[in-house]
Amino acid sequence: MPQLTYPNCIRRLYESEVNGEAIYSTLLKAAKAERDRYYFATLLQLESETKAWLQPFLFRYHRSRLHGAGLEAHGAPGRVT
């Protein structure tokens, strides 16, 4: 089990927001009904705003450990290891 520290929890939360963005973006593209597009777009916006809110905390605790290994495709600055 990974160590449960504040910086690790922020990293995991940020990564979950990136994954959520990818999921809701895909669902939005596949949605057929207007109501479904509205719901998926709203959830996508929530994921994006939460990710933006977490970035200052992520950079504060992981600045020296960021490198580009996969999350950039979803708008992230790089995967935190």
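Any residue in the stretch 10-31 that's over 12 Å from E47 (Cβ atoms) and among the basic types (K, R): show its pairings with residues that are surrounded by 15 or more Cβ atoms within 10 Å (Cβ to Cβ) and at pLDDT 95 or above at Cβ separation under 9 Å, as long as the two are six or more apart or on different chains.
Pairs found: K29/F40.
From the list A22, A52, A76, pick out the single residue that is modelled with pLDDT of 85 or more, hydrophobic (A, V, I, L, M, F, W, C) and surrounded by 14 or more Cβ atoms within 10 Å (Cβ to Cβ).
Answer to the selection: A22.
Within the stretch 55-73, take every residue that is assigned to a helix (DSSP H, G or I) and exposed (fewer than 12 other Cβ atoms within 10 Å of the Cβ) and give me the one that is modelled with the lowest pLDDT.
S64
If I10 satisfies all but one of (1) at pLDDT 70 or above; (2) surrounded by fewer than 16 Cβ atoms within 10 Å (Cβ to Cβ), what's the number of the condition it fails?
(2)
Answer with yes or no whether A31 is modelled with pLDDT of 95 or more and either out of contact with any Gly (no Cβ under 6 Å at 6 or more places or on another chain) or among the charged types (D, E, K, R) (or both).
yes
The values are calculated or read from the model by the stated rules, or taken from the named source; none is laboratory data. These numbers come from a predicted model, not from an experiment. Positions of Cβ are generated from backbone atoms using ideal geometry, with glycine treated the same way; all protein chains shown enter the neighbour counts.
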